[in-house]
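The values are calculated or read from the model by the stated rules, or taken from the named source; none is laboratory data. This is a predicted model, so every value here is computed, not measured. Quick reminder, even Gly has a Cβ in these numbers, built from the backbone with ideal geometry, and neighbours come from all protein chains shown.
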Amino acid sequence: MEKDVLKVHFSANYWRQNSLKIAINKTFELKEERILQLSDQVVKGLENRSNVLRRLDVHGDEYDWRCIPRSKPLAFAETTHDSPGFDSMFDPNMVDWSVNGQIVASFGQDLIIWKRTDDVTMLFNVKSIKSLAFSPDGKTLAIGCKINEYPVLELWKVVNSTKSLVVNGKVFSADHSDLHCLIWNHSGSQIVCGTGLGCLYVLSVPDLKVVRKVRRHKLPINRIKLSANMRYIASGDTSGDIVVYNWSSCDVYLVVCSKRKLHTHFDWHPWNGDDLVIAETTPASIVVLHVPSKEIVAYYQRMDRRIIITYITFSKITAELLVSVSMAGDDGCWDFKILVMSSLNRVVDLLCIPESGVRFVVWSPDGTRLATSGNDETLTIWNFCAENRTEYGPSISKENKSELNSKFGPIFNSWNCIK
């Protein structure tokens, strides 16, 4: 039985052990499984397996997606900031990191903007903040807040490290409840908003005129992600359903329905814009979905609830997938870590997290650092990758796609709901 990759333990050489079999196959040019496995599947009992890992299509001989993993563990905690006011409702929509190095976060009614490298902090009082997002150039901050019962989108001009001005705003009807999430397009000419009514708005900047409006969700939208090539945009709601649209028209391209109706996390591959990785919280599962073909090309699935996935995100520099997990031990205690994966069966780094765990991860714009937040009212900055690391990897062909509905057993029925 293949070792469960999410249960890897920290040791000085675990990453070498994890890659040993692949290294031997590559060195001796072995094309088939000929390395002796010191285990007996029949004796151990297949019915007792707690996890399933399958590749329905493999990118080359090594990875489930395009990736240039680091050769050894490099990430380390750089600084930790006290963050009083972080509560269980705090999520990645309420913190952002600009290209100018400024970090913005909402603490209750307080909006704080600060820079990691200096001592200047700006503090504002804004009611009912639900979402924040810096423009790609870092000069404008979009804020989803409220005036009385009406959701409002405000644009703030970040003049300098000590001054910001409100330059425009748009009031939505009270039916929308809140603006739960905001993202900018890559050029900064448009903002996409997800509302509590399940509507997706595309607004022009700076006049905030409605370019498109679509309602495909029945519940509040809490995640929006734009693909790297701007071909697709994906939105997720509080039931775990995900809708992928053609970005140019906002027509629905496909829908991923979560049969368990649990919270899901998802992120686009940072280079090709075609692969969407989706994870369900518990029982822990990860799916690699090739969007153009609407086919699942790889997946990981557990059958118990001893591991909970709390967040996933890609590194835009290495295309390694970061998976934040909480694991229940035999002693009843929980262990928290972030696994850095180059494939669904390979861990290349491991970030050990304090007792509070990690609720989300936010990247610096250059991809060299990440910020994590847990339940201990702290924000930790990690040094993840060298600043001179080159982005983007070689193209890996996608051939021999398997049919979506023909490769699944009863174990994975919860994901056989894509249309």
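Close contacts from segment 103-125, counting a first residue that is crowded, with 16+ Cβ neighbours inside 10 Å and a second that is among the hydroxyl-bearing types (Ser, Thr, Tyr), with Cβ to Cβ under 6 Å and a gap of 6+ residues or different chains, come to 114/121. The conditions of being farther than 22 Å from residue 367 by Cα, of a type in the set (Lys, Arg) and touching a Cys at 6+ places or on another chain (Cβ under 9 Å) are met by residue 259.
Filter segment 84-109 for residues that are among the hydroxyl-bearing types (Ser, Thr, Tyr) and assigned to a loop (DSSP other than H, G, I, E, B); which is modelled with the lowest pLDDT? Filtering segment 84-109 for residues that are among the hydroxyl-bearing types (Ser, Thr, Tyr) and assigned to a loop (DSSP other than H, G, I, E, B), the one modelled with the lowest pLDDT comes out as 88.
Looking at 273, 194, which is the one that is under 29 Å from residue 139 (Cβ atoms) and not in a loop (DSSP other than H, G, I, E, B)? Explain how you work it out, then say what you get.
Numbers: 273 fails: not in a loop (DSSP other than H, G, I, E, B).
So the residue among 273, 194 that is under 29 Å from residue 139 (Cβ atoms) and not in a loop (DSSP other than H, G, I, E, B) is 194.
Figure legend. Inter-residue proximity from segment 137-155: first residues under 18 Å from residue 97 (Cα atoms), second residues aromatic (Phe, Trp, Tyr) and surrounded by fewer than 22 Cβ atoms within 10 Å (Cβ to Cβ), beta-carbon distance below 8 Å, spacing 6+ or different chains. Indicated pairs: 142/184.
Look at segment 325-340: where a residue is surrounded by fewer than 21 Cβ atoms within 10 Å (Cβ to Cβ) and a partner is among the basic types (Lys, Arg) and modelled with pLDDT under 80, sitting 6+ places away or on another chain with Cβ atoms under 9 Å, you get 327/7.
For segment 309-332, a tally of residues being aliphatic (A, V, I, L, M) and modelled with pLDDT under 90 returns 2.
Here residue 278 fulfils each of the conditions (1) surrounded by 22 or more Cβ atoms within 10 Å (Cβ to Cβ); (2) of a type outside the set (Phe, Trp, Tyr); (3) at pLDDT below 90 apart from (3). Of all residues in segment 214-243, those satisfying the criterion of being of a type in the set (Val, Ile, Thr) and out of contact with any His (no Cβ under 7 Å at 6 or more places or on another chain) are 214, 224, 233, 238, 242. The condition (being within 16 Å of the chain's Cα centre (by Cα) and at pLDDT 55 or above) is satisfied by just one residue among 356, 343: 343. Among the residues of segment 141-149, is any over 16 Å from residue 221 (Cα atoms), surrounded by fewer than 12 Cβ atoms within 10 Å (Cβ to Cβ) and touching a helix residue (DSSP H, G or I) at 6+ places or on another chain (Cβ under 9 Å)? For segment 141-149, residues over 16 Å from residue 221 (Cα atoms), surrounded by fewer than 12 Cβ atoms within 10 Å (Cβ to Cβ) and touching a helix residue (DSSP H, G or I) at 6+ places or on another chain (Cβ under 9 Å): present. The residue of segment 227-271 that is farthest from residue 183 (Cα to Cα), among those that are surrounded by fewer than 21 Cβ atoms within 10 Å (Cβ to Cβ) and among the aliphatic types (A, V, I, L, M), is 262.
For segment 334-380, please list each of the strands (runs of 3 or more DSSP E) lying entirely inside it that holds at least 3 residues being among the aliphatic types (A, V, I, L, M).
Values: elements: 334-343, 346-352, 360-363, 369-373.
Per the criteria, 334-343, 346-352.
Suppose we keep only residues that are charged (D, E, K, R) and in a loop (DSSP other than H, G, I, E, B) within segment 200-228. Which one would you say is nearest to residue 272 (Cα to Cα)? It comes out as 216.
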